[in-house]
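Enquirer: Quick one: the structure is below, questions incoming.
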Amino acid sequence: MSAPIELAMEEALRPGRYISEHASFSLVNELESVAARIAEADPECAVGLYETFIAACYEKADEVDDSSGYFGMFGGSLFARWVTARQAVSADPADTVARLLRWMARDQYGFWSHVEDDIASALDEDCWDQLVDQVRANHYRKAGFIREFEKVVTGVTPEPEPSFLEKARARWAPPE
């Protein structure tokens, strides 16, 4: 089952071919089709396919003008899908989280930008607990970060930022 999906992956990624910003949306649509095929695969097979797909997307990143951010968002979405597949095969939560954190630390292309919600919603309770433990153990010296992280852990959500228009109204509205 994995060989046809890997072939589709390679065909969609078009190794060695530069993808312009204009063509990146079409590329991501093709990649989403491949990801949908992986999601239908046996979870054990899907884990390896997602790992290959993530690696292949990193390899392709230098050949894509991702000014729109579509490719990076797609690459980031693969991590949550990988987590879901790992949990479906009862993979060790500590190993899952450790691997996620290693990927995050090595990311040079922005795949990890704004994927927190996707990954947090994909993590089951055991993986969430492992993530919290590992972040606390490895990042406790980062005072500003850990303070905000603890708010997330305890469910305290930050006040939403006012929108651009709300800020503009507050600053430029005519006096009453």
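Each value in this text was obtained by applying a stated rule to the coordinates, not by laboratory testing. Small disclaimer: the values here were computed from a predicted structure and weren't measured. Neighbour counts run over all protein chains shown; Cβ positions are idealised from the backbone, glycine included.
Enquirer: Treating the range 2-158 as a set of equal point scatterers at the Cα positions, no solvent, please give the Debye-formula log₁₀ I(q)/I(0) at q = 0.10, 0.14, 0.18 Å⁻¹.
Expert: The computed values of log10 I(q)/I(0) come out as -0.39, -0.74, -1.10.
Enquirer: When all alpha-carbon pairs of the range 69-128 are counted, what percent fall beyond 17 Å?
Expert: Everything past 17 Å amounts to 33 percent.
Enquirer: Can I ask one more? Suppose only helical runs count, i.e. DSSP H with n ≥ 4. What mean residue ellipticity at 222 nm does that imply for the chain under -39500 (n - 2.57) per run, divided by all residues and rounded to the nearest 500 deg cm²/dmol?
Expert: -23000 deg cm²/dmol
Enquirer: Give the lysines whose C-alpha is closer than 30 Å to that of LYS142, dropping any in the same chain fewer than 8 places away, or say none.
Expert: Straight-distance partners of LYS142: LYS151.
Enquirer: For a quick check: with amide H placed at 1.01 Å from N, whose amide H comes under 5 Å from ILE19's, ignoring anything fewer than 5 positions away on the same chain?
Expert: Residues meeting the amide H criterion: VAL64, ASP65.
Enquirer: Using only alpha carbon pairs under 8 Å that are at least six residues apart, calculate the relative contact order of the range 2-158 and give it in whole percent.
Expert: 21 percent
Enquirer: Could I ask something else about it? So if R0 is 25 Å, what FRET efficiency would LEU7 and ASP65 give, r being the distance between their Cβ atoms, rounded to the nearest 0.05?
Expert: 0.50
Enquirer: Can you give me the relative contact order of the range 1-95 as a percent, contacts being Cα pairs under 8 Å and 6 or more apart?
Expert: Dividing the mean separation by the residue count of the range 1-95 yields 36 percent.
Enquirer: Calculate, in nm to one decimal, what SER33 and LYS151 gain on full extension: separation in residues at 0.36 nm each, minus their alpha carbon distance.
Expert: Taking SER33 through LYS151 to full extension adds about 38.8 nm, to one decimal.
Enquirer: If I stretch the segment between GLU21 and CYS45 completely, what's the gain in nm (0.36 nm per residue apart, minus their alpha carbon distance), one decimal?
Expert: Contour length minus Cα-Cα distance gives 5.4 nm.
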